[in-house]
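Chemist: Mind looking over this structure? Questions follow.
The values are calculated or read from the model by the stated rules, or taken from the named source; none is laboratory data. The structure displayed is predicted, hence computed values, not measured ones. Heads up, the Cβs are rebuilt from the backbone with ideal geometry, glycines too, and the neighbour counts pull from every protein chain shown.
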């Protein structure tokens, strides 16, 4: 089967536009995620991971801010004014200078579009020679982390058409776009405008392949050099391949079930608790993920040491408690085993997607585990975009996905987007908490370490008690890399594929 998949995809890979000279080797990257747009607010992560576009700041492996297009920054004593000094000599790929005016324009656009910057208390942006000033309405210590998010990437003014839409991705990174074919293919080439150390890898291609079996086959056959996001069974097989190095690293990502707390079936916290009690997380982690330590006892994994609260009472598998709770709430088993209350059967729908190969089997396991307590679940495996669409149109009941808490290197960015007032596409639905809103607001401004720790603990406790989302398992980021490459490493924050640090080993 794997040989057939590899052979069929050989044609697809060969069909990529070949702009390189015959003697130049192309590093071939395969990931699950389609390139859905040129707009940073929708698919900006593609262009930052491929090192085409830059953000003002970056982050090290521990999530601490580091320079990006901004070489340095300072904040006023009252915490309201931040000044970011731009890297001297930076140029866009069209040869134009990266000016403060261009940066302000890009950030203003990011504020106006969906993305994290709209959650930052920015009062005004202004440009001065070689620097950008950001004035806040209140102190916000996470601002450098927000500016590392891919939706805030800085593109050249020529990237936009007359209506302000992105027509081309003209960034300032070590690679420029050589060819692009939405939604599957991208080729990049070393940028002549890059003033830093020239990357050893001259050209690279990116292919979006949604099926995990396809990605594994491409790695196994040698038709791809870097393959991201593989299922546990494929990883075990690839580890035995002498031509491949498998890397994995725990990351701040959690597999969760999002619940529509506005749905009459799910509005009661006691029902959400019963559903949680029905879930055998340890069994899922052991049988599907093949990592017993991955079973999530709370939302935040131990890799988020500042947010993980060991003292929280852990989420546990207790189907007897689940059945008792549902019976106490008036849900009685029907003749077909599905519980009924007031003539209404307890039936739910669960949406997920196959790009993360572990999700469909987890969805099947959840379906079986909930059936055992009398809840019937229909599973729909489709496109990941159906989850935010279902959130917006109100049709979503349950969704299974993996949520990354470090897309903004400080998790407060994701928390504000997911659990602030109104919830978020990938966070709470039909649920809000004044206590949560106050804690998030205070945390975003707090500077005292003890106060910040207390607020993080309060937030974790609210989520553990209310369960607007159900943690299922903690996540590992995986990569299969050809041994023809040297200098390969995994970014635990998933901000970059780090191609510019690699070289050919043979």
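Chemist: Residues of segment 67-77 being loosely packed, with under 12 Cβ neighbours inside 10 Å and touching a strand residue (DSSP E or B) at 6+ places or on another chain (Cβ under 9 Å), which ones?
Modeler: Our first condition is that a residue be loosely packed, with under 12 Cβ neighbours inside 10 Å; within segment 67-77, this holds for 72, 74, 77.
Within segment 67-77, 72, 74 qualify.
Chemist: Sticking with this one: For residue 438, state whether it is out of contact with any helix residue (DSSP H, G or I) (no Cβ under 8 Å at 6 or more places or on another chain), over 30 Å from residue 225 (Cα atoms) and surrounded by fewer than 22 Cβ atoms within 10 Å (Cβ to Cβ).
Modeler: Judged against the criteria, residue 438 is a match.
Chemist: Select, from 124, 106, the only residue that is closer than 30 Å to residue 443 by Cα, in a strand (DSSP E or B), touching a strand residue (DSSP E or B) at 6+ places or on another chain (Cβ under 6 Å) and modelled with pLDDT of 95 or more.
Modeler: Every option except 124 fails the conditions.
Chemist: Just to be sure, is residue 142 surrounded by 15 or more Cβ atoms within 10 Å (Cβ to Cβ), touching a residue at least 60 places away in the same chain (Cβ under 8 Å), under 26 Å from residue 444 (Cβ atoms) and touching a helix residue (DSSP H, G or I) at 6+ places or on another chain (Cβ under 9 Å)?
Modeler: Details: surrounded by 15 or more Cβ atoms within 10 Å (Cβ to Cβ): yes; touching a residue at least 60 places away in the same chain (Cβ under 8 Å): yes; under 26 Å from residue 444 (Cβ atoms): yes; touching a helix residue (DSSP H, G or I) at 6+ places or on another chain (Cβ under 9 Å): yes.
It is true that residue 142 is surrounded by 15 or more Cβ atoms within 10 Å (Cβ to Cβ), touching a residue at least 60 places away in the same chain (Cβ under 8 Å), under 26 Å from residue 444 (Cβ atoms) and touching a helix residue (DSSP H, G or I) at 6+ places or on another chain (Cβ under 9 Å).
Chemist: So residue 286 clears everything in (1) modelled with pLDDT under 95; (2) farther than 29 Å from residue 391 by Cβ except one condition, right? Which one?
Modeler: (1)
Chemist: Also, quick follow-up: Can you pull out every residue in segment 468-492 that is surrounded by fewer than 23 Cβ atoms within 10 Å (Cβ to Cβ) and in a loop (DSSP other than H, G, I, E, B)?
Modeler: Selection gives 483, 484, 487, 488, 489, 490, 491, 492.
Chemist: With under 23 Å from the mean Cα position of the chain (by Cα) and farther than 24 Å from residue 505 by Cβ as the only criterion, which of 269, 254 stands out?
Modeler: 254
Chemist: Just name the residue that is farthest from the chain's Cα centre (by Cα) out of those in segment 61-71 that are under 17 Å from residue 141 (Cβ atoms) and either part of a loop (DSSP other than H, G, I, E, B) or at pLDDT 95 or above (or both).
Modeler: So the residue we want is 70.
Chemist: Given the criteria in contact (Cβ under 8 Å) with a residue 24 or more places away in the chain and not assigned by TED's automatic domain parsing to the domain that holds residue 418, does residue 488 qualify? Spell out how you get there, then give the answer.
Modeler: Values: in contact (Cβ under 8 Å) with a residue 24 or more places away in the chain: yes; not assigned by TED's automatic domain parsing to the domain that holds residue 418: yes.
Answer is yes for this residue.
Chemist: While we're on this one: Kindly evaluate residue 147 against the criterion of being closer than 22 Å to residue 60 by Cα, modelled with pLDDT under 95 and either surrounded by fewer than 22 Cβ atoms within 10 Å (Cβ to Cβ) or under 27 Å from the mean Cα position of the chain (by Cα) (or both).
Modeler: No, not satisfied.
Chemist: Being more than 19 Å from residue 187 (Cβ to Cβ), under 22 Å from the mean Cα position of the chain (by Cα) and assigned to a helix (DSSP H, G or I) is the filter here; which residues of segment 202-233 pass it?
Modeler: 212, 213, 214, 216, 232
Chemist: Which of (1) buried (at least 16 other Cβ atoms within 10 Å of the Cβ); (2) under 25 Å from residue 113 (Cβ atoms); (3) without any contact (Cβ under 8 Å) to a residue 40 or more places away in the chain is the odd one out, the single condition residue 420 does not satisfy?
Modeler: Failed condition: (3).
Chemist: Among the candidates 316, 364, 320, 380, which residue alone is within 26 Å of residue 287 (Cβ to Cβ), in contact with a strand residue (DSSP E or B) (Cβ under 6 Å, 6 or more places away or on another chain) and without any contact (Cβ under 8 Å) to a residue 40 or more places away in the chain?
Modeler: Just a single option satisfies the conditions, and that option is 380.
Chemist: Right, another one. Which condition breaks for residue 428 when tested against (1) more than 26 Å from residue 367 (Cα to Cα); (2) out of contact with any strand residue (DSSP E or B) (no Cβ under 6 Å at 6 or more places or on another chain); (3) crowded, with 22+ Cβ neighbours inside 10 Å?
Modeler: In the conditions (1) more than 26 Å from residue 367 (Cα to Cα); (2) out of contact with any strand residue (DSSP E or B) (no Cβ under 6 Å at 6 or more places or on another chain); (3) crowded, with 22+ Cβ neighbours inside 10 Å, residue 428 misses (1) alone.
Chemist: When you scan segment 59-74, how many residues do you find that are farther than 21 Å from residue 97 by Cβ and in contact (Cβ under 8 Å) with a residue 40 or more places away in the chain?
Modeler: 5
Chemist: Which ones in segment 78-99 are under 20 Å from residue 157 (Cβ atoms), outside any loop (DSSP other than H, G, I, E, B) and within 29 Å of the chain's Cα centre (by Cα)?
Modeler: 84, 86, 91
Chemist: Does any residue of segment 179-192 turn out to be at pLDDT below 95, surrounded by fewer than 23 Cβ atoms within 10 Å (Cβ to Cβ), under 23 Å from the mean Cα position of the chain (by Cα) and not in a strand (DSSP E or B)?
Modeler: no
Chemist: Further question on the same structure: Quick check, is residue 285 surrounded by 22 or more Cβ atoms within 10 Å (Cβ to Cβ), under 24 Å from the mean Cα position of the chain (by Cα) and not in a loop (DSSP other than H, G, I, E, B)?
Modeler: So residue 285 does not fit the description; no.
Chemist: Any chance segment 318-333 includes a residue that's more than 17 Å from residue 250 (Cβ to Cβ), under 34 Å from the mean Cα position of the chain (by Cα), in a loop (DSSP other than H, G, I, E, B) and modelled with pLDDT of 95 or more?
Modeler: Yes, segment 318-333 contains a residue that is more than 17 Å from residue 250 (Cβ to Cβ), under 34 Å from the mean Cα position of the chain (by Cα), in a loop (DSSP other than H, G, I, E, B) and modelled with pLDDT of 95 or more.
Chemist: For residue 314, all conditions in the list (1) surrounded by fewer than 21 Cβ atoms within 10 Å (Cβ to Cβ); (2) more than 27 Å from residue 415 (Cβ to Cβ) hold save one; what is the number of the exception?
Modeler: (2)
Chemist: Still on this structure, please answer the following. Kindly check whether there is at least one residue in segment 376-388 that is more than 19 Å from residue 257 (Cβ to Cβ) and not assigned by TED's automatic domain parsing to the domain that holds residue 210.
Modeler: Scanning segment 376-388 turns up no residue that is more than 19 Å from residue 257 (Cβ to Cβ) and not assigned by TED's automatic domain parsing to the domain that holds residue 210.
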